[in-house]
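Have a look at the structure below, then the notes.
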Amino acid sequence: MRAGAEYFVDPSLPAQRRYEALRAYFVEEASAAEAAERFGYSTSTLHQLAAELRAGRSEFFRSSKPGPKGPRKAGRIRDKVIALRAQDRSVVEIAAALHAAGSPVSAQTVWAILHAEGFERLGRRGSGGPAPRLEPIKARRLRAWPAGTDWACDHAGLYLLVPAMVDLGLDALVGAAHYPATKVLSSFHSLASLLLLKCSRRGRAANAFPLGADPGLGIALGLSALPKATHLTSYSYRVRRASNVSLLEGLARRCQALGLYSGEAGFNLDFHAIRHHGAEVPLEKHYVPTRSQPTRSVLTFFAQDHASTEMVYANADLTKAEQAGEVLAFAEYWQRVAGTDPGLLCFDSQLTTHAMLEELCARSITFSTLRQRGKKVLETLNALPSSAWTTHTIKRSGRYRRPQIHEQVVHLKGVEHPLRQIAVRNIGHEEPTLLITNDLAATPGKDLFARYAERMIIENELDADISGFHLNALSSGLPLNVDLDTTLTVLAGNCYRLLARKLPRYELATPDRIWRHFLDNTGTVTVADDHVRVDLALRTYTPVLIDAGFPELDIAVPWWQGRRLRFGFPPR
C-alpha cells in the first residue's frame with residue numbers, strides 16, 4: 001500500500017468509519033462479521049447500517065451551497081433604494097420599481113437597507129399623493145391656553161388616570177422631592193411625562209415617539225406635546241436616589257391618607273434581578289430565576305403592603321455588599337413615613353443575614369422568615385414522636401389545609417436573641433418547612449404559618465408589575481436610570497389602583513386588565529376656556545366607566561391653573 005493508505009484502512013471520523021465498513025460489505029463482498037470486526041462494530045450494528053443505507057436514510061457526502069460565486073451587487077442596489085426613497089416612495093413601491101428594472105428584491109430587504117441607513121418609516125398616506133411631511137411639535141409649556149381647539153387623540157384613555165394624579169397631588173409630590181428641571185420643562189413636566197410613558201406600558205423611553213406625536217395628549221400635563229425619547233432618557237440620568245426616596249415617602253403618606261394602604265398588617269419583602277442583555281457592563285452578577293443562574297443584572301428591592309397588596313417601596317441602587325441591609329433601610333424608611341416601626345416583615349431566607357436578624361431583634365421589629373434545613377435539624381425533627389406534632393386547620397383555599405406543627409425556641413449563630421422555630425409538615429413537601437420568627441408568644445404558630453404562606457402574593461403582584469409595566473425591559477445598564485424606573489413602577493401601580501377602586505368589580509384587577517379594558521382607547525380632546533372635555537370612543541367596557549360616574553366627573557386640575565376635566569361618552 002502507498003503512504004497515506006491508513007486514512008482509508010483505519011478511519012478516525014465516525015462517518016468515514018461507517019462508510020468504509022459499508023463499502024467493504026457491499027463492494028469488497030466481505031461478510032458482515034468480517035467487516036464488523038475490521039471496523040469495530042458488532043454484526044447486528046453492521047446489518048442495521050446496511051438496512052439504513054438501502055432505505056436511503058444514510059448520507060455521507062453533501063454538495064456545496066448553491067448560489068452565485070461572484071461579488072454581490074449590494075452597493076448598487078442600496079444606491080437605487082436610497083434614490084427612490086428620496087422620491088417619497090414606500091418600501092413596496094421601491095421593491096416593485098427595482099423588480100421592473102431587473103433587480104428583484106423583496107420589500108423586507110428594502111426596509112432593511114433603509115433602516116441601516118437611518119431612514120424612518122413613512123407616515124400614513126391619504127387617498128393619494130406623496131407621504132405627508134409634518135414638522136415635529138416641540139415639547140414646551142403652553143404659553144397661552146389653546147381654548148377653542150380640539151384634537152383626535154390616539155391615547156385619550158390615559159386621561160382616566162388624571163383624577164388619580166390629582167388625588168395624589170402629583171405636582172406637589174414632585175416639587176417637594178426636588179427633582180431637576182430644565183430651562184424649558186419643569187421637574188413636574190419631565191417626571192409626569194415619564195409617568196405617562198410608564199402608564200402607557202411602553203417598556204423603554206425609546207418607545208415614547210407615539211405619545212409625543214399625539215397632539216391631544218400634551219394638554220394633559222399643560223404642554224404643547226410630550227417630550228421625545230432624547231429628553232426623557234437624558235433627564236432620567238440626572239435623577240438622584242434622594243429625590244426618588246423623597247417622592248416615595250410623600251407618596252406613601254398620601255396613599256395612607258387616601259386609605260389605599262396603612263401598613264398595619266405588615267409587609268412582604270423581595271428582591272428581583274433585572275437581567276442586562278447588552279454588551280459587557282459594570283454590573284454585578286445576581287441570580288436570575290428565568291435563567292436559573294447568576295448573570296449580570298440590576299438587583300431591585302420591593303416592599304408590598306400585605307393587606308392591600310400594593311407596592312409601597314422600591315430601590316434599584318443596590319450592590320451585593322448592601323443588599324443584606326436593605327431590610328433595615330426599609331424599616332427606617334417606614335419609620336420616617338409613618339412615625340412607627342413597620343409591622344410584621346415577611347421575607348425568604350436569602351433576603352438578609354443572621355447579623356441583620358439580630359439588628360431587627362434589637363430594634364423590636366417583628367419578622368418571619370424561613371430557616372435552611374440542616375441535616376442535624378432534620379434528624380432531630382424526624383426523631384420526634386407523633387405526639388410532639390399538633391394538627392391544625394388553616395382557613396385557606398386549596399389543598400394542605402391541615403398542617404402538623406411543632407414549635408420550639410432555638411438559638412442561631414450570630415443571633416443573640418432567642419428565636420421561635422415553627423416546623424411545619426403535611427403541606428406537600430418531603431421535609432418539614434422551618435419558619436423562624438422573633439414573635440415568641442404573641443401570635444399562634446398556625447397563624448404565623450398562614451401569614452407566611454400568603455407571602456406568595458408578592459410574587460404574583462411582582463409578576464403583574466413585571467408584565468403590566470414592563471419592568472424587565474431594562475432601559476439602561478446603569479442603576480441610576482433603573483432606580484427611577486422602579487420608582488415610577490410603584491407610582492404607576494398606585495395610580496392604576498386608585499382608578500380601579502372607582503370601577504365596580506375591578507378593585508383587584510391587574511394592570512394589564514385595566515389597560516386592555518379602559519386605558520387603551522382613543523377619543524377626542526376639546527379645549528374650552530375653563531375646562532377640557534375628553535370624549536372617549538365607545539368600547540365594550542364603556543358602561544363600567546359610565547356606572548362609575550365618570551360622565552358626571554368635574555375635577556379641578558392644579559397644573560391647568562384650576563381648569564376642570566370632564567369626560568364624555570357616546571349615548572348607550
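The values are calculated or read from the model by the stated rules, or taken from the named source; none is laboratory data. These numbers were taken from a predicted model, which means no experiment stands behind them. Ideal geometry is used to build each Cβ from the backbone, glycine not excepted, and the neighbour counts take in all protein chains shown. SASA here: full protein model, heavy atoms, side chains in, ligands and nucleic acids out. Shrake-Rupley method; radii C 1.70, N 1.55, O 1.52, S 1.80 Å.
Tally Lys/Arg at +1 and Asp/Glu at -1 over every other residue whose Cβ is under 15 Å from the Cβ of ASN438; what's the total? Show your work: numbers first, answer last.
Details: positive: ARG363, ARG371, ARG420, ARG451; negative: ASP341, GLU358, GLU359, GLU407, GLU416, ASP439.
So the environment of ASN438 carries a net charge of -2.
On a 1.4 Å probe surface of the protein chains, which of PHE209, PHE347 comes out largest in accessible area, and what is the full order? If you can, show how the numbers build up before the last one.
On the way: PHE209 135, PHE347 0 Å².
The most accessible residue leads, giving PHE209, PHE347.
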Can you give me the relative contact order of the range 177-294 as a percent, contacts being Cα pairs under 8 Å and 6 or more apart? 19
Once all protein chains are kept in place, TYR41 shows an accessible area at probe 1.4 Å, nearest 10 Å², of 50
For a test of the definition: using alpha carbon positions, the gyration tensor, and the 1.5 limit on a/c, classify the chain as rounded, prolate or oblate. oblate
For the chain, what is the accessible area per residue in Å², given a 1.4 Å probe and the full set of protein chains? 52
Starting from the amide H of ASN315, placed 1.01 Å from N in the peptide plane, find each other amide H under 5 Å away whose residue is 5 or more places distant or on another chain. PHE301
Given 164-172, 254-262, 377-385, the highest-first ranking by average Cβ count within 10 Å works out to 164-172, 254-262, 377-385
Residue-by-residue Karplus 3J(HN,Hα) for the range 544-549, coefficients 6.51, -1.76, 1.60, Hz, glycine and proline x: 5, 5, 5, 5, 7, x
Kindly rank 48-60, 307-319 from highest to lowest mean number of other beta carbons found within 10 Å of each residue. 307-319, 48-60
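Sorted by accessible area with a 1.4 angstrom probe, largest first, how do LYS80, LYS183, LYS413 fall? Display every interim value, and only then the final one.
On the way: LYS80 85, LYS183 215, LYS413 185 Å².
Greatest to least solvent exposure: LYS183, LYS413, LYS80.
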Residue-averaged 222 nm ellipticity for the chain, from DSSP H runs of 4+ at -39500 (n - 2.57), nearest 500: -11000 deg cm²/dmol
What does the C-alpha gyration tensor say about the overall shape of the range 259-319? Classify as rounded when a/c is under 1.5, otherwise prolate if a/b is larger than b/c, or oblate. prolate
Using the per-residue mean of other Cβ atoms lying within 10 Å as a proxy for protection, in what order, highest first, do the peptides 491-497, 20-26 fall? 491-497, 20-26
With unit charges on the beta carbon (Lys/Arg positive, Asp/Glu negative), name the residue among ALA3, HIS306, LEU168 whose Cα is farthest towards the positive pole of the charge dipole of the chain. ALA3
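What is the range 154-293 by shape, rounded, prolate or oblate, if you read a ≥ b ≥ c off the alpha carbon gyration tensor as root eigenvalues and call it rounded for a/c under 1.5, prolate for a/b larger than b/c, and oblate otherwise? Working shown, then result.
Values: a/c = 1.66, a/b = 1.14, b/c = 1.46.
Note, shape of the range 154-293 comes out oblate.
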Can you list the HN-Hα couplings for the range 403-420, worked out from phi with the Karplus curve (6.51, -1.76, 1.60; θ = phi - 60°), rounded to whole Hz and with x for Gly and Pro? x, 9, 10, 10, 10, 7, 9, 10, 10, 9, 5, x, 10, 6, 6, x, 10, 9
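Ratio of alpha-carbon Rg to the 2.2 N^0.38 Å globular estimate for the range 350-471, to two decimals, please. Please report the intermediate quantities before stating the final value.
Values: Rg = 15.9 Å, N = 122, 2.2 N^0.38 = 13.7 Å.
So the Cα radius of gyration is 1.16 times the expected 2.2 N^0.38 Å.
Cβ under 14 Å from THR391's Cβ, THR391 left aside: what net charge do those residues give with Lys, Arg +1 and Asp, Glu -1?
Once all neighbours under 14 Å are counted, the net charge is +3.
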One checks the Cα atoms of the range 246-400 and finds Rg and Dmax, in Å, of 18.7, 59
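Rounded to the nearest angstrom and ordered from largest down, what semi-axes does the equivalent ellipsoid of the range 182-228 get from its C-alpha gyration tensor (root of 5λ)? It would help to have the intermediate numbers written out before the result.
Numbers: eigenvalues 50, 29, 17 Å².
Gyration-tensor ellipsoid for the range 182-228: 16, 12, 9 Å.
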Once ligands and nucleic acids are excluded and a 1.4 Å probe is used, how much of LEU545 is accessible, expressed in Å² to the nearest 10? 10
Which of the listed residues, LEU251, TYR237, LEU226, is farthest toward the dipole's positive end in the range 178-251, when Lys, Arg count +1 and Asp, Glu count -1 at the beta-carbon? TYR237
Could you pull the accessible area for THR542 with a 1.4 Å probe, rounded to 10 Å²? 0
Separation of the range 248-309 and the range 181-202 by C-alpha centroid, Å? 22
Is any helix in the chain, taking whole DSSP H runs, at least 30 angstrom long along its axis by alpha carbon and on average at least 0.0 on the Kyte-Doolittle scale, and which ones? 479-500
About its Cα centre, the chain carries a charge dipole, from +1 on Lys and Arg Cβ atoms and -1 on Asp and Glu Cβ atoms, whose size in debye to the nearest 20 is 1560
